[in-house]
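Notes follow the structure.
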Amino acid sequence: MANELPGAERTNAARARRLKFAHGLFEGRSQAEAARSAGYKGSAKSLDSVASRLTHHPEVCAELERLRASHAADAVASREELLRRHTEAVRFDLGPYLLFDEQGRCLGLDVKRMLEDGKTHLIQSLDAVGLPGKMGAHKIRLKLEDRQGAADRIARLMGYNAPEKHHHEVKDRPVEEMSEVELEAALRESCLAQIRKDPELRKAVLRLLHEQ
């Protein structure tokens, strides 16, 4: 039937199949599976042969490169995404998702409702723990994302915190292996040690500081 199509339509149909083949490869399908899902027909051997040729087709290669570049850009969360995620963890209200019996006792968490509301990403871990002496009985142990940890990460991203002070251990290290920061710290420590040991040097330093 494809041969009955006008030339332009056949060209567009062929291109669409090649692009679909590229998408199949990008999604992790084997070459033969990608070819079959793109509409190519034949035995497994013939599909392998077609797929082998398609993998070197310029349009397939270009589309795969485009998909990979797009995925790489989307795969890394932006600063704004991180801030939204951490802010949601800080402001999350667990109350609407708690289940109670008629006596007002808490029965657990309505995970199904959290799933429907798109809040399950706030669950850090979810484990089934066996109950002692009760064969086949389990309780669910759930841990939500740390609210204080999320607040600390927001503070760092927004620059709310004072600059962190880092202490560098530089003793018994060759000078060649030291970074500029470590070398500066070592020199400062060495100078201070000499000033503390030498009263005359200490007086001279104090005199210079006083003159300034």
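The values are calculated or read from the model by the stated rules, or taken from the named source; none is laboratory data. In this text, all values refer to a predicted model and were calculated from it rather than measured experimentally. Neighbour counts run over all protein chains shown; Cβ positions are idealised from the backbone, glycine included.
Computed quantities for the displayed model
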{"quantity": "Qualifying residues in region 27-42 (those that are within 18 Å of Glu63 (Cβ to Cβ) and small (Gly, Ala, Ser)) - the one surrounded by the fewest Cβ atoms within 10 Å (Cβ to Cβ)", "calculated": "Gly28"}
{"quantity": "Any helices (runs of 4 or more DSSP H) falling wholly within region 26-93 and containing at least 2 residues that are free of Cβ contacts under 8 Å to residues at least 60 places away in the same chain and hydrophobic (A, V, I, L, M, F, W, C)", "calculated": "31-37, 44-54, 58-75"}
{"quantity": "Filter result for the condition that a residue is of a type outside the set (Lys, Arg), at pLDDT below 65 and assigned to a helix (DSSP H, G or I), over Val129, Val205, Val170, Val181", "calculated": "Val205"}
{"quantity": "Members of region 43-87 that are surrounded by 15 or more Cβ atoms within 10 Å (Cβ to Cβ) and either farther than 27 Å from Arg17 by Cβ or under 21 Å from the mean Cα position of the chain (by Cα) (or both)", "calculated": "Leu67, Leu83, Arg85, His86"}
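Residue by residue, here is whether (1) surrounded by fewer than 10 Cβ atoms within 10 Å (Cβ to Cβ); (2) out of contact with any strand residue (DSSP E or B) (no Cβ under 7 Å at 6 or more places or on another chain); (3) modelled with pLDDT of 75 or more holds:
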| site | (1), (2), (3) |
| --- | --- |
| Asp101 | yes, no, yes |
| Gly108 | no, no, yes |
| Arg113 | no, yes, yes |
| Glu116 | no, yes, yes |
| Gln124 | no, no, yes |
| Met135 | yes, yes, no |
| Glu145 | no, no, yes |
| Ala150 | no, yes, yes |
| Arg156 | no, yes, yes |
